[in-house]
Amino acid sequence: MDQTLTNAQIILNVLEPFKSWHTPYANINYEVLTDPAQQHFQVVASGWDGQKRVHTMLVHIVIREHLIWLEEDLTDAEIAEQLIEQGIPRDHIVLGFQAPYKRGLYGFATGEA
């Protein structure tokens, strides 16, 4: 099986629970958005918190050159650790939200050639 397809399915499995997230104090919907052709995966929160509009990208993952780039993770869900638990090696995950010099300090891929 193509590893890219496997990685995409693992990412979707990790993000799927966000669809059922519930915020008791606000009317917010959580959606998992995917672009299979470009290998982008996002979790977006949108709705209203009282009179305040909420529209935020909580998670953004991209598969690039067989590496999983975690571009954003504004959750407490420890997405990188969940990806590892699902079978993606730590050295195949790039913490894109970290400065390049910090990425390898925790055993993750640096994304550098």
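The values are calculated or read from the model by the stated rules, or taken from the named source; none is laboratory data. Bear in mind that the values here come from a model prediction, so they are computed numbers and not experimental data. FYI the Cβ positions are ideal-geometry reconstructions off the backbone, even for glycines, and counts take in every protein chain you see. Accessible surface areas use protein heavy atoms only, side chains included; no ligands, DNA or RNA. Shrake-Rupley method; radii C 1.70, N 1.55, O 1.52, S 1.80 Å.
One table, with the values for the structure above:
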quantity	calculated
Inter-residue pairs, beta-carbon under 6 Å, first under 25 Å from Ile63 (Cβ atoms) and without any contact (Cβ under 8 Å) to a residue 12 or more places away in the chain and in the range 24-48, second assigned to a strand (DSSP E or B) and not β-branched (Val, Ile, Thr), 6+ apart	Leu33/Gln42
Within the range 34-49, tally of residues that are touching a strand residue (DSSP E or B) at 6+ places or on another chain (Cβ under 9 Å), open to solvent by 50 Å² or more (accessible area, probe 1.4 Å) and more than 19 Å from Gly96 (Cα to Cα)	2
Filter pass, Arg64 being among the charged types (D, E, K, R) and either within 11 Å of the chain's Cα centre (by Cα) or under 17 Å from Ile11 (Cβ atoms) (or both)	yes
Every pair of residues 6+ apart whose Cβ atoms lie under 6 Å, when the first sits in the range 98-113 and is in a loop (DSSP other than H, G, I, E, B) while the second is of a type in the set (Lys, Arg) and open to solvent by less than 40 Å² (accessible area, probe 1.4 Å)	Thr110/Arg103
Matching residues, the range 79-97, being open to solvent by 50 Å² or more (accessible area, probe 1.4 Å) and either farther than 16 Å from Phe41 by Cα or among the hydroxyl-bearing types (Ser, Thr, Tyr) (or both)	Glu81, Glu85, Gln86, Gly87, Pro89, Arg90, Asp91, His92
Every residue from the range 65-78 that is within 20 Å of Gln38 (Cα to Cα) and either open to solvent by less than 30 Å² (accessible area, probe 1.4 Å) or of a type outside the set (Asp, Glu) (or both)	His66, Leu67, Ile68, Trp69, Leu70
